[in-house]
Amino acid sequence: MMKLIAIPTRDGMVDDHFGHCAYYTVVTLDEQNQVVKQERLDSSKSEAQNAPTPITTYAFFRDGEYLTNEQMNDKRFLKVIKC
């Protein structure tokens, strides 16, 4: 099965945020995880923020203090906040 990986990129380096990056480097891997294709995908901040995604990054705070951040789907997030 082929895999597509999108890497947030700025000035040829990995950027630390999908919503703020200058563009994406999209890498296609084959069944042996070898790169078979690499392309640049320009995207605006609004396109990135409104793109459908199965996973979102959430930051957790308690009493104004940062605890952690995690990537999770909406069902997991709702379960966590009910605790």
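Going by what's in this entry, would T28 be described as at pLDDT 85 or above, hydroxyl-bearing (S, T, Y) and loosely packed, with under 15 Cβ neighbours inside 10 Å? So T28 fits the description; yes. Going residue by residue through region 46-69, is there one that turns out to be at pLDDT 70 or above, among the acidic types (D, E), exposed (fewer than 10 other Cβ atoms within 10 Å of the Cβ) and closer than 23 Å to I7 by Cβ? For region 46-69, residues at pLDDT 70 or above, among the acidic types (D, E), exposed (fewer than 10 other Cβ atoms within 10 Å of the Cβ) and closer than 23 Å to I7 by Cβ: absent. Pairing residues of region 5-28 that are under 20 Å from N50 (Cα atoms) with residues that are of a type in the set (D, E), at Cβ distances under 6 Å and at least 6 apart in sequence or on separate chains, gives P8/D15; T9/D15; C21/D15; Y23/D42; V26/E39.
The values are calculated or read from the model by the stated rules, or taken from the named source; none is laboratory data. Quick caveat, the model's predicted, so the values are computed rather than measured. Don't worry about glycine lacking a Cβ; one is built from the backbone with ideal geometry, like all the others, and counts go over all protein chains shown.
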